[in-house]
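No lab work stands behind these numbers, since they all come straight from the coordinates. Since the model is a prediction, treat every value here as computed from it, not as a measurement. Positions of Cβ are backbone-derived with ideal geometry, glycine not excepted, and every protein chain shown enters the neighbour counts.
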Amino acid sequence: MSVFAAAVHAYQRSVAGPRAHRSGPFVIRFDEHDAALPFNYAVPDDGTDPTADEVAALVETFRDRGRTPRLEYVPQAAPGVEPALLAAGFAVEGRFPLLVCPPETAVDAPADASVRLATVTSDAGLWSAARVMNAAFEAPEATEHDVARLRGVLDKGGLVAVGTDTTTGQAVAAGQLGGPHEGVAEVAGIAVLPSHRRRGLAGALTALLTRAGAAQGVGTPFLTPADDHAARVYARVGYRKVGEALFISLP
């Protein structure tokens, strides 16, 4: 098991926070207000080989809360988990590259100069970020809970950034960097409205968060691009593959 794989797992467990649930060799993050898959998942203990009964108990814990049984983790850190899940009927959602970029190696990428990028901390700024993220990812309209979730990112030492069209004053891009755990944090939620895509904003936002994270104690920012196109965007600002993440759930 690589040191990085263990560090990512430790970070994921920290994101679950003090309300994390434990079921056997799994730590579970639940969002009681939002059933969306990215906010409800389990992370296995490093090196565990779960039994069929432990997997069944994990499934029951998710079902009891009306959530889809699901994991997001680094298979290299717990190679015995995937076979046990597949035997229980789980299906792989996707295997995604884990990309890392030390802040000092982040590269500026060309972006639309008419969009101003900046980190935000005000309620208005967080509302703007939430609205852009939900619209870009085709989620329901942003609510107070979405804003509270972003406020929680800031409370843990993370960052939220917004891109504003200087012509219209409209927020058109957003992203976040989680609060660090032992110097590790995830760049996530990089979102650009359809009207402003292919203007370099996703890469520019990522570079901004990567660099600004150094002042927050993030020496190892990582991300998991959803597809090859996104991976190329992040590669242009300095991110390089160091491993793989597995998303897997029970249909």
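For the pair the range 14-71 and the range 171-222, the centres of their Cα atoms are 26 angstrom apart. How would the range 141-251 be classified by its alpha-carbon gyration tensor: rounded, prolate or oblate, with rounded meaning a/c under 1.5 and the a/b versus b/c comparison settling the rest? It comes out rounded by the Cα gyration axes.
Restriction of the GluC sites (Glu not before Pro) in the range 14-81 to DSSP coil positions whose beta-carbon has at most 12 other beta-carbons within 10 angstrom yields GLU32. GNM on the chain, C-alpha springs below 10 Å: top fluctuator among HIS196, HIS33, HIS21? In this elastic network of the chain, the residue with the biggest mean-square fluctuation among HIS196, HIS33, HIS21 is HIS33.
Dividing the mean sequence gap of close Cα pairs (under 8 Å, 6+ apart) by how many residues the range 37-77 holds gives a relative contact order of 61 percent.
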